[in-house]
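One structure below.
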Amino acid sequence: MRLLVVDHGCCDPPLGRVFHCRALLAREGIESLACGPASVSALEAPTPGLHGIHLRDIAAGNRTFARAVRDGTAEAFLQAVTSIPEAMLGLVRETARQAIAEAVDAFDPAAILVLHAGIFADLAVETGVPVVVHVAADDLAALERNERINGLVAAALESAEVVVVADAATQASLIEGWFEAPSRTPAGVWAIDEQSGERLAAMCRLACSRRGS
């Protein structure tokens, strides 16, 4: 099985969480490719295992966003992106849309795992590949700051084949305020840790089975 892992935090090696997820999946026999914000120039040699979303030049006009792209966590990225100008947000999303589409074309994944409910989730859905979204505890709070992004992510969560949440409080928030269908519930409640490889693999296989692929 081949899996594209899309993250929202800085994916510069070697300490990005996306590389840890790739290692967990490798233990389950799953080949994966990471895709997420990279602070290096698009002209530099690509990092093995990473198809970067190159945002350094776009982010240069906003100090907080530039810091989140360069060395920030996914939480910092999600918070920063809610306050950038609309034109910059459009450039970020178009750059990400192209990068994710290129990664899908080149790698041909069976499914896409999106780490965090953020601005790349609906772009993953757009590709037509089965999608799993893992929603972390702080994701929904960040989204409340921007109505447009809120709507994009809500639509992605409705369209994703599988949604997993990190904790019970996040699960309750999704069911009460985000899912339009009353019958929709997350497929799992667990944080990503050293024991998550098997569960991540199972959720991605579930996404493929729900799509019939």
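Can you tell me, using C-alpha contacts under 8 Å and at least 6 residues apart, the relative contact order of the chain as a whole percent? Please list the in-between numbers first.
Working: 399 pairs, mean separation 42.0, N = 213.
20 percent.
The chain: longest stretch without exposed GluC sites (Glu not before Pro) (DSSP loop, at most 12 other Cβ within 10 Å), sites themselves excluded?
Counting only loop sites that pass the neighbour cut-off, the longest clear stretch is 45-143.
Given the DSSP H assignment, sum -39500 (n - 2.57) over each helix run of at least 4 residues in the chain and divide by its residue total; what's the result at 222 nm in deg cm²/dmol, nearest 500? All intermediate terms of the calculation are to be shown ahead of the outcome.
Numbers: 10 runs with 103 residues, N = 213.
About -14500 deg cm²/dmol.
Provide the gained length on full extension for the span Thr185 to Gln98, in nm with one decimal, where the gain is 0.36 nm per separating residue minus the Cα-Cα distance.
28.2 nm
Grab the Cα-Cα distance for Glu198 and Met1, subtract it from 0.36 nm times how many residues apart they are, and report the gain in nm with one decimal.
Numbers: separation 197, 0.36 × 197 = 70.92 nm, distance 1.31 nm.
Gain in length upon complete extension: 69.6 nm.
Could you give the length gained on full extension between Glu144 and Met88, defined as 0.36 nm per residue of separation minus the Cα-Cα distance, in nm?
18.3 nm
How fast does segment 158-205 diffuse by Stokes-Einstein, in µm²/s, taking the Kirkwood radius from C-alpha pairs at 37 °C and 0.692 mPa s? Intermediate results must be reported in sequence, preceding the final value.
Working: Rh = 11.4 Å.
Translational D for this selection: 288 µm²/s.
Take Phe107 and Arg211, extend 7 Å from each Cα along the Cα→Cβ direction, and tell me the distance between the two endpoints in nm.
Rounded to a tenth, the inter-label distance reads 1.3 nm.
Let's test the formula: R0 of 41 Å, r as the Cβ-Cβ distance of Ala168 and Ala60. What FRET efficiency results, to the nearest 0.05?
Step by step, r from the Cβ atoms, then E = 0.55.
Which value does Rg/Rh take for segment 2-203 over its C-alpha atoms, Rh per Kirkwood?
Reported Rg/Rh, Kirkwood definition of Rh: 0.93.
Roughly how many debye, to the nearest 20, is the charge dipole of the chain about its Cα centre, given +1 on each Lys and Arg Cβ, -1 on each Asp and Glu Cβ, and no other charges?
That gives the chain a dipole magnitude of about 160 debye.
Read-outs throughout are calculated quantities, based only on the coordinates presented, and are distinct from any laboratory measurement. It should be emphasised that the depicted structure is a prediction, and the values quoted were computed from it without experimental measurement. With ideal geometry, Cβ positions are generated from the backbone for all residues, glycine too; neighbour counts draw on all protein chains shown.
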